[in-house]
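In what follows, a structure is listed as structure tokens, so that the remarks can point back to it.
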Amino acid sequence: MRAIRVAAAALLGVGALALAAPAAVAQGDNITPFGFSVLPSTIAAGGQVTLQLDRDHGGCTGSATVSSGVFDTITIPGNRSSATAVVDWDAKPGAVYKVTFACDGVSGSTNLTIASGRTTPTQPTPYPYNRGVHAGEGGTVAGFDLGEIGLGAALIAGSVGAAYHFSRRRSGEDGA
């Protein structure tokens, strides 16, 4: 029985990977010595996108410039392979914007589609890996108020009291 579950999970995983592979491999519409992508490729106005540059094959050794009509021009330094940009709030839903990556005198472009709806405002972060983890509010009482804690305690006490009452009543009936 366990082998069937493992096989089903493996097939589901392979199927999901096969469906996602064409999107992951797709690059810009120009052939360049370096790869590039905008993730996600569809975003709501005001959303944050990751501008990814593939430096593994040596096609882009210096800093890269990423420009579009839907966000400010971003520079990716030579020691980084990605940066983030915030899509303008006035981007037209359903519109497709060209995003151009330029590095070492070569440029290529890909498309960014604006979805309907808006996201909450965010600040652009030029380097996504320079911040620590957002921590705090740990433990089991994070976000609770005294009313919720009191209500939970009352429910627990009531259920324990009811269980005790029914267990004592039953044992008394058995002895009679």
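Of note:
- Within the range 63-74, residues that are closer than 22 Å to residue 93 by Cα sit with their Cβ atoms under 8 Å from residues that are small (Gly, Ala, Ser) and crowded, with 20+ Cβ neighbours inside 10 Å, at 6+ positions apart or across chains, in these pairs: 66/83; 66/85; 68/85; 70/91; 71/85; 72/85.
- Residue count for the range 72-117, restricted to those that are assigned to a strand (DSSP E or B) and over 17 Å from residue 36 (Cα atoms): 7
- Residue count for the range 30-49, restricted to those that are touching a residue at least 40 places away in the same chain (Cβ under 8 Å), open to solvent by less than 20 Å² (accessible area, probe 1.4 Å) and of a type outside the set (A, V, I, L, M): 4.
- Among the numbered conditions (1) within 30 Å of residue 67 (Cα to Cα); (2) modelled with pLDDT of 85 or more; (3) open to solvent by 60 Å² or more (accessible area, probe 1.4 Å), the only one that residue 156 does not meet is (1).
- Selection within the range 57-82 - open to solvent by 40 Å² or more (accessible area, probe 1.4 Å) and among the β-branched types (Val, Ile, Thr): 61, 65, 73, 75
- Among the residues making up the range 83-96, those that are surrounded by 18 or more Cβ atoms within 10 Å (Cβ to Cβ) and more than 11 Å from residue 65 (Cα to Cα) are 84, 85, 86, 87, 91.
The values are calculated or read from the model by the stated rules, or taken from the named source; none is laboratory data. Because the structure is a prediction, the values reported are computed rather than measured. Positions of Cβ are generated from backbone atoms using ideal geometry, with glycine treated the same way; all protein chains shown enter the neighbour counts. When the accessible area is computed, the model is the full protein with side chains, heavy atoms only, and any ligands, DNA or RNA have been set aside. Shrake-Rupley method; radii C 1.70, N 1.55, O 1.52, S 1.80 Å.
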